[in-house]
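*Asks:* Have a look at this one before I ask anything.
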Amino acid sequence: KNQVEQSPQSLIILEGKNCTLQCNYTVSPFSNLRWYKQDTGRGPVSLTIMTFSENTKSNGRYTATLDADTKQSSLHITASQLSDSASYICVVSSTGGGNKLTFGTGTQLKVEL
Amino acid sequence: GAGVSQSPSNKVTEKGKDVELRCDPISGHTALYWYRQSLGQGLEFLIYFQGNSAPDKSGLPSDRFSAERTGGSVSTLTIQRTQQEDSAVYLCASSLGGQSGANVLTFGAGSRLTVL
């Protein structure tokens, strides 16, 4: 069964600090891995998409890594801001479209002053 | 429109009633997806439309759930004889194409359904 596991489940950090969120997956076949940010009361918004051959991809203060051998990904957030408070969801795609996505349950990040 | 619009944003209903949830995708997006997000759970795929047809309905949890899409645009998710376990946020997403694994999905804000 395809699964995506994320850790930690929740995290509280001080503004300006860095943090790293983890994602392990068992999805086959593998097409790509996505990180989404979901603000409270909103739909998820795509941060990065990485294919098998990509090891790292950045989007502003967000940097995602992918190790396809160990089936692990991380999302690193640099110099956190209050607006980074959200749920971060790791999503793995099998070959195909949005009906072949496996979603993690997310890491709830809270950035405090 | 500029984004994916869903309505209503919140719906409270009594057990046994029928509800309709609406999704207006981004103009030109041929693929449309419905997901369900329950508290503490990952998003659960329900149904996928390519144009007006639904090549994949495998996620619909029971025959009380149905969806249609007309004109290659607006979609309606209908839940008949609602049960308390149907309480969740129902998210709609659209994308340019169907089966390309790299297609970016744009999500709506969701419809929060509470069944009393």
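The values are calculated or read from the model by the stated rules, or taken from the named source; none is laboratory data. This structure is a prediction, so every number in the text was calculated from the model and none was measured. Cβ sites come from the backbone with ideal geometry, for glycine too, and all protein chains shown count toward neighbours. What goes into the accessible areas is simple: the full protein's heavy atoms, side chains included, and nothing from ligands, DNA or RNA. Shrake-Rupley method; radii C 1.70, N 1.55, O 1.52, S 1.80 Å.
*Asks:* How many times 2.2 N^0.38 Å is the alpha carbon radius of gyration of chain A?
*Replies:* Scaled against compact globular proteins, the figure is 1.01.
*Asks:* Something else now. With each pseudo-label sitting 7 Å past Cα toward Cβ, what's the B:Val74-A:Asn24 distance in nm, one decimal?
*Replies:* 4.7
*Asks:* Whole-Å semi-axes of the range B:17-116's equivalent ellipsoid, largest first, each the root of 5 times a Cα gyration tensor eigenvalue?
*Replies:* Working through the eigenvalues yields semi-axes of 22, 14, 12 Å.
*Asks:* Related question: Take peptide A:34-43, look around each residue's Cβ out to 10 angstrom, count Cβ atoms belonging to other protein chains, and average those counts.
*Replies:* 4
*Asks:* If you don't mind, another one. What residue among A:Thr78, A:Thr65, A:Thr40 has the largest mean-square fluctuation in a Gaussian network model of chain A, using Cα springs under 10 Å?
*Replies:* Result: A:Thr40 has the largest fluctuation of those listed.
*Asks:* Under a Cβ-Cβ limit of 4.7 Å, which cysteines in chain A have nobody to pair with?
*Replies:* When partners are defined as cysteine Cβ atoms under 4.7 Å apart, chain A leaves A:Cys19 without one.
*Asks:* Excluding ligands, DNA and RNA, what is the solvent-accessible area per residue of chain A at a probe of 1.4 Å, expressed in Å²?
*Replies:* 48
*Asks:* Can you tell me, using C-alpha contacts under 8 Å and at least 6 residues apart, the relative contact order of chain B as a whole percent?
*Replies:* Once divided by the residue count of chain B, the mean separation gives 37 percent.
*Asks:* A follow-up question, please. So which residue, out of B:Leu39, B:Leu60, B:Leu77, gets the largest mean-square fluctuation from a GNM of chain B using Cα contacts under 10 Å as springs?
*Replies:* The residue that fluctuates most here is B:Leu39.
*Asks:* Using only the Cα atoms, work out Rg/Rh for the range A:72-113, with Rh taken as the Kirkwood radius, to two decimals.
*Replies:* Here Rg/Rh amounts to 1.09.
*Asks:* Quick one: compute a quarter of the convex hull surface over the Cα atoms of the protein assembly as shown and quote it in nm².
*Replies:* 12.3
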